[in-house]
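The values are calculated or read from the model by the stated rules, or taken from the named source; none is laboratory data. Keep in mind that this is a model prediction, so the values were computed, not measured. Ideal geometry is used to build each Cβ from the backbone, glycine not excepted, and the neighbour counts take in all protein chains shown. Accessible surface areas use protein heavy atoms only, side chains included; no ligands, DNA or RNA. Shrake-Rupley method; radii C 1.70, N 1.55, O 1.52, S 1.80 Å.
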Amino acid sequence: FDRVKQVLVDGVSGLDKDPLRLQGAGLNEDPFVIEQLPFADFRDTNDATQSEFDVYDCDDADESGPEFVYELELTESLPLRIMVMDRDEVDVDIHLLDENFDCLERGHRQIDTRVGPGTFYITADTWVDNGGVQRKGAYQLIVVECVSGDTSCQ
């Protein structure tokens with residue numbers, strides 16, 4: 001967030017002559033790798049090339065639209081806040097999955113939980129409404145370690 005402030009508020013230019021690229025392709029077999037926290041990613045599910053998850057085993061919502069998959073490796077148990085932001089008619093939901101791609105939690109906007117150690121996956125998945133319309137579009141995914149004393153993440 002400091003880098004965004006430097007560009008938008010402070011007027012600093014040229015911060016990213018060689019922009020950082022996420023490892024991976026956002027697919028089950030090649031997920032985007034979350035290398036450190038805090039993490040943020042801007043993306044658009046219109047650009048997703050997979051729709052592997054239609055319904056998750058932790059909820060019955062129709063998530064048959066396209067999704068991106070992120071991988072998070074934790075060496076210790078951490079309290080996490082995972083958030084997705086979208087707007088207008090876009091509806092991208094988040095799911096926290098274990099190493100076998102079994103769903104641990106679903107969030108329409110946010111998941112507060114404690115997980116780890118181990119490998120976990122987060123999907124940013126397009127919800128499909130009752131009329132069959134895929135609510136795909138731009139979103140921002142944010143993953144942060146909860147601050148000490150934040151009881152909603154413990």
Can you tell me the length gained on complete extension of the stretch Glu145 to Asp47, counting 0.36 nm per residue apart and subtracting the Cα distance? 32.5 nm
What does the charge count around Val143 come to, taking other residues whose C-beta lies under 12 Å from its C-beta (Lys +1, Arg +1, Asp -1, Glu -1)? -4
Can you give me the accessible area per residue for segment 62-145, using a 1.4 Å probe, in Å²? 42
Percent carbon-and-sulfur accessible area, the chain, ignoring ligands, DNA and RNA, probe 1.4 Å: 47
Diffing segment 94-103: the Karplus 3J(HN,Hα) column from phi (6.51, -1.76, 1.60, θ = phi - 60°), in whole Hz with x for Gly and Pro, holds 10, 9, 9, 10, 8, 5, 9, 6, 7, 6
For a quick check, take a GNM of the chain with Cα springs below 10 Å and name the residue from Pro38, Pro117, Pro66 with the largest mean-square fluctuation. Pro117
Keeping all protein chains in the complex and leaving out DNA, RNA and ligands, what accessible area do you get for Glu89 with a 1.4 Å probe, in Å² to the nearest 10? 120
Of Arg114, Arg81, Arg21, Arg43, which has the most accessible area and how do the rest follow, probe 1.4 Å? Arg21, Arg114, Arg43, Arg81
Students often get this wrong: which residues of segment 140-154 have the backbone nitrogen under 14 Å from the point 7 angstrom along Cα-to-C-beta of Arg114? 146-154
For every helix of n ≥ 4 consecutive DSSP H residues, a contribution of -39,500 (n - 2.57) applies; sum these over the chain, divide by its total residues, and give [θ] at 222 nm rounded to the nearest 500 deg cm²/dmol. -1000 deg cm²/dmol
Choose one of Pro38, Thr151, Gly11: the residue whose Cα lies farthest towards the positive end of the charge dipole of the chain (beta-carbon charges +1 Lys, Arg; -1 Asp, Glu; about the Cα centre). Gly11
Where a ≥ b ≥ c are the square roots of the eigenvalues of the C-alpha gyration tensor, would you call the chain rounded, which needs a/c under 1.5, or, failing that, prolate if a/b is larger than b/c, or oblate? oblate
Assigning unit charges at the beta carbon (Lys, Arg +1; Asp, Glu -1) and nothing else, what dipole magnitude in debye, to the nearest 20, does the chain show about its Cα centre? 740
